[in-house]
Structure formats: structure tokens, C-alpha cells
Amino acid sequence: MQVPAARGNNDIPAFGSPVRAAFALERDYAHLNHGSYGATPVSVLADQRVWQDRLEREPSRFMDREFRPGLRAAAAALAPRIGADADGIAMVENATGAVNAVLRGLDLAPGSNILVTDQTYPAVRNTADYVASRCGAKVRALSLPFPASDTDDILQRFKAALNPAPALVILDHVTSPTALVLPVAEMAKAAREAGALVLIDGAHAPGMLALDISSLDCDWYTGNCHKWMFAAKGCAFLWTAPEHRASTHPLVISHGYSDGYIDEFDWVGTRDASAQLSLPAALSFMDAYGTDNIRRHNTELANRAANLLAAAWNTERGSGQALTGSMATIRLPDGLGDSQQDADALRADLVDHDRIQVPIRYMAGNLWCRISAQIYNDVTEYEKLAQAIKRKSEGKT
Ligand SMILES: Cc1ncc(COP(=O)(O)O)c(C=O)c1O
């Protein structure tokens, strides 16, 4: 694998700008939004291309003999990194699809309820609404505190919301709008004790957090590998607890129907699964830099950037606690708008005039940005954001 020449203290490549060359990202541009779509290293894209070429050289032989073993090899390589058994890991294209597969296969009784939060990912909330509307169930959204001072408060509110008992609880491991790492272990345990099924949407968790699904009291866990595990777009997984494997089906029913969980998910019609097949290359990329080193670097950089921005703008962070993940939300200074439309316009202005990519949302009466920290980022990029926003808040362009 190709790694940049610059070296850090531990004989691993130095993080920050020296690592930028390992990615296809535009130069002279502050990519502070790894969270939305990830960024795939060029070495992984090259491996993905190799899989596509293998398929095109002899399509029938590839699909007959190499496709499914390749998917199973990807699942086997992933299993120890997420603390799950490979037999429970279905490779899917994205977390949205996994959530759809679970929810649309459930038999919910009329009058039952699905518990989500007001920070549940909007596409997942739509899925819950759709499924509930078709069977006469209800979706209840627990309001999470934001800014959040601590996770105990979240847990207490969640426990109170378990009465009346939901049929299903959907928990975001890392919330998308606010970048909070929820105490999913405790939440899932409480939900199970209340008799609910538990689906954890860990779209951001693999690669960002030390993940051990076997220690979580959940029925399903989905995560994206194309965000923080450096996989190509279209690489995610759905882990299903053994007792639900026979009754959990992919969205597309195909040849594998009733042949078992893995066969059903592996074959959902002819497709290009090269993003999933090249997952081992993405994991090798992580190994070359050290998974723990990456996580440590990203968490430290996110904390440092969040403090730097809150101090520059004289505002506050969305999480009162030291971060454990690689994203953070910070309140923008006053005077930049008071609607999601203003937030969208400001984000576009940063893209077009300042070459900075960062999501901005109108939440809790203010504009907030969500920063990501990845190995190709360095602190000067957050300083650039700090100055650009400051200038705009002072009425300068
Ligand atoms: C919590 C959460 N769930 C689901 C998704 C959807 O991911 P995908 O578009 O890969 O399905 C995201 C994407 O950011 C997310 O943050």
C-alpha cells in the first residue's frame, strides 16, 4: 500500500496535511465534513477498481465463484473490529437500507409504538413513520437535551420514555445533527428490560468508536464502513441477533429467499458490490496507520478544534463533556441568521467563497456547525473556519 513519505514519531505517517496525498480530496480546501460521506483513500479506490475489473473479465465465473466468497471474506475481516460474529453480518449498501430492511420486515401490532428521539436521522425517522402508518402504530420522539451537559441526563429521560413500553426502540449511537455519542449500552439494556426490540443505528460508529456489538443488548445493529472506516461508498453492514436471523430479510427478495440470513442478503440481484468487496483494503489502510492511533488523533483534534472555535466565537460546544468521538457541534456567533435557510446560505457561502465544507444547522434557536476531524485534517483548517465565520459575523465577506 502506498503511504506518504512524511513520518511521525511512532514510525507511522504523520497525520494532517502529509496524509492528504493518500486521499483524492481537492487540495486547498478545508474538508471538515468527513462525517457525511467519508473520504476514500486512493489505495482503496484502486482495489475497488481491481474487483470491478475481475468481474468484467469473466462476469459469469466471477458471480458464480468469487462474488459471495469475497463478500464473506469482507464480513470475516470486519467481524473482530466490531465485536460481532461473521454469521450475523450481512453486507449492505448503507445504514438507511439496513434500517429499512429491519423496519419493513416487522409485524407491528396496531396501536403499538416505536420510540425514536428528536435527533434520529431524518431518513430513518421517515422510515419509522412510513412503517408505522401502514400498520396503525405510532412513532414517539423523545426530546434530547441540547446542548447536552451529560449523558446521565439523557439516560434518565430515556428511561422515563420507556413507559408506555415501545414495541421497538431506535437508538442512534452517534447523533447526526448534534454529534453526541449516546450511552447506547445502558439505553439498550433499559429498553430490552422494558420488553422492547432494539435497533441501533451506528451509522458513524465503526472506525470512530471502539465498537463491541457483542456487549450491547440489541437485536440489530447497523453501521456504515464508508464513513469512518475508509471504505468506498456503498459499504455498510447489518448485524442481526441469532434469534432474528430467520425472520430478517433484505429489502429485495431474490434467489436466496428462505436459504438463510446470509444467503438472502448476499444475493439481492446482479449488482456492483465492489465497495463491499474492497473493504479488506480499507481495513489494511487503517492498520497501516493504526486503528487506535487514528481514533486517538481524531478525538483529540475534534476536542481541540471545538475548544478553539468556541473560544474564537465566544460561544459554546454542543457537548459539555470531553468528546469521545470525532465530531463536535459548536454554536456560531450571533448575527448570522435565524433559520435553516440562513444556515444553508451560510454553508454555501463558505463552500463558494472560502473553500470550507462544514454542515451548518439551525437548532435550539441558534446556528450551529458540526465539524469532523479525520487524519487528513490539521488545526489550521479549523482556524480558517474560525476566521471566516468571525469575518462574516462582523459583516465583512
Ligand atoms: C445516524 C445516521 N443514520 C443513518 C445515516 C445514513 O447513512 P447512509 O446515507 O449511508 O445510509 C446517517 C448519515 O449520516 C446517520 O448519521
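Let me check something: with ligands and nucleic acids excluded, how do 227, 390, 396 order by accessible area (1.4 Å probe), largest to smallest? All intermediate terms of the calculation are to be shown ahead of the outcome.
Details: 227 20, 390 85, 396 110 Å².
Result, largest first: 396, 390, 227.
With a 1.4 Å probe and every protein chain left in place, work out the accessible area per residue of the chain in Å², rounded to a whole number. Present the calculation step by step, with values, prior to reporting the outcome.
Working: 16390 Å² over 397 residues.
That works out to 41 Å² per residue.
Once you charge only the Cβ atoms, +1 for Lys and Arg and -1 for Asp and Glu, what is the size of the charge dipole of the chain about its Cα centre, to the nearest 20 debye?
Working: 38 positive and 46 negative charges, 100 e Å.
Dipole of the chain, to the nearest 20 debye: 480 debye.
DSSP beta bridges in the chain, what fraction antiparallel, as a percent rounded to 5? All intermediate terms of the calculation are to be shown ahead of the outcome.
Working: 22 of 42 bridges.
Looking only at bridges with both residues in the chain, the antiparallel portion is about 50 percent.
Quick one: order 380, 299 from most to least accessible surface, probe 1.4 Å. Can you show the working numbers first?
Numbers: 380 85, 299 25 Å².
The most accessible residue leads, giving 380, 299.
Assuming a strict under-26 Å limit between Cα atoms, what lysine pair count do you get for the chain once near-sequence pairs (fewer than 8 apart, same chain) are dropped?
Working: 138/159; 138/189; 159/189; 227/384; 384/392; 384/396.
Lysine pairs satisfying the spacing and distance rule in the chain number 6.
Per residue of segment 32-39, what does 6.51 cos²θ - 1.76 cosθ + 1.60 with θ = phi - 60° give for ³J(HN,Hα)? Whole Hz please, x for Gly and Pro, Karplus curve as stated.
Along segment 32-39, the couplings run 9, 10, 4, x, 5, 10, x, 8 Hz.
Taking amide H positions as placed in the peptide plane 1.01 Å from N, state which residues far from residue 23 in sequence (5 or more) or on other chains have amide H under 5 Å from it.
Here the answer is 42, since their amide H atoms fall under 5 Å of that of residue 23.
For segment 232-290, which trypsin sites (Lys or Arg not before Pro) pass both filters: DSSP loop (anything but H, G, I, E, B) and at most 13 other C-beta atoms within 10 Å?
Details: sites: 233, 245, 271; in loops: 233, 245, 271.
Of the trypsin sites (Lys or Arg not before Pro), the ones in loops of segment 232-290 whose Cβ has at most 13 other Cβ atoms within 10 Å are 271.
Tell me the accessible surface of residue 42 in square angstrom (1.4 angstrom probe, heavy atoms of protein chains only), to the nearest ten.
Around 60 Å² of this residue is reachable by solvent.
Please report, ordered by residue number, every helix of the chain (full DSSP H runs) that is 18 Å or longer along its axis going by C-alpha atoms and whose mean Kyte-Doolittle hydropathy reaches 0.5.
Helices passing the filter in the chain: 67-82.
Sequence gap at least 6, Cα distance under 8 Å: using those rules, report the relative contact order of the chain to the nearest whole percent. Provide the component values of the computation, followed by the final result.
On the way: 774 pairs, mean separation 84.5, N = 397.
It comes to 21 percent, rounded to a whole number.
Rounded, prolate or oblate: which fits the chain when a ≥ b ≥ c are the square roots of the eigenvalues of the alpha-carbon gyration tensor, with rounded for a/c under 1.5 and prolate only if a/b beats b/c? Could the numbers behind the result be given before it?
Details: a/c = 1.87, a/b = 1.14, b/c = 1.64.
It comes out oblate by the Cα gyration axes.
Amide H to amide H under 5 Å from residue 112: which residues, 5+ apart in sequence or cross-chain, H placed 1.01 Å off N in plane?
Under 5 Å from the amide H of residue 112 lie the amide H atoms of 138, each far enough along the sequence or on another chain.
What's the longest piece of the chain with no exposed chymotrypsin sites (Phe, Trp or Tyr not before Pro), counting a site as exposed if DSSP puts it in a loop and it has at most 15 other beta carbons within 10 Å? Walk me through the numbers before you get to the answer.
On the way: sites that count: 29, 257.
By the stated rule (loop sites, at most 15 other Cβ atoms within 10 Å), 30-256.
Which is the longest stretch in the chain that no exposed loop site breaks, taking sites as GluC sites (Glu not before Pro) with a DSSP loop state and at most 11 other Cβ atoms within 10 Å?
Numbers: sites that count: 26, 394.
Free of exposed loop sites, the longest segment is 27-393.
List the Cys residues of the chain that have no partner Cys with a C-beta closer than 4.7 Å.
By the Cβ distance rule, which asks for a partner under 4.7 Å, the isolated cysteines are 135, 218, 369.
Classify segment 47-284: rounded, prolate or oblate, from the alpha-carbon gyration tensor (a ≥ b ≥ c, eigenvalue square roots; a/c under 1.5 rounded; otherwise prolate if a/b is larger than b/c)? Mind showing how you got there, number by number?
Details: a/c = 2.24, a/b = 1.62, b/c = 1.38.
Taking the square roots of the gyration eigenvalues as a ≥ b ≥ c, segment 47-284 is prolate.
222 nm [θ] for the chain, helices only, -39500 (n - 2.57) per DSSP H run of 4+, per residue, to 500?
Values: 13 runs with 150 residues, N = 397.
Rounded to the nearest 500, it is -11500 deg cm²/dmol.
When the solvent-accessible surface of protein heavy atoms is calculated with a 1.4 angstrom probe, in what order do 87, 378 fall, highest first? Write out the running numbers ahead of the final one.
Working: 87 110, 378 40 Å².
The ranking, largest first, comes out as 87, 378.
Roughly how many percent of the accessible protein surface of the chain is carbon and sulfur, given a 1.4 Å probe and a whole-percent answer? Display every interim value, and only then the final one.
Values: 7890 of 16390 Å².
C and S atoms contribute 48 percent here.
The values are calculated or read from the model by the stated rules, or taken from the named source; none is laboratory data. Computed from a prediction, not measured in an experiment: that's the story for all the values here. A quick note on method: Cβ atoms are made from the backbone with ideal geometry, for glycine too, and the neighbour counts reach across all protein chains shown. These accessible areas exclude ligands, DNA and RNA; they are computed on the full protein's heavy atoms, side chains included. Shrake-Rupley method; radii C 1.70, N 1.55, O 1.52, S 1.80 Å.
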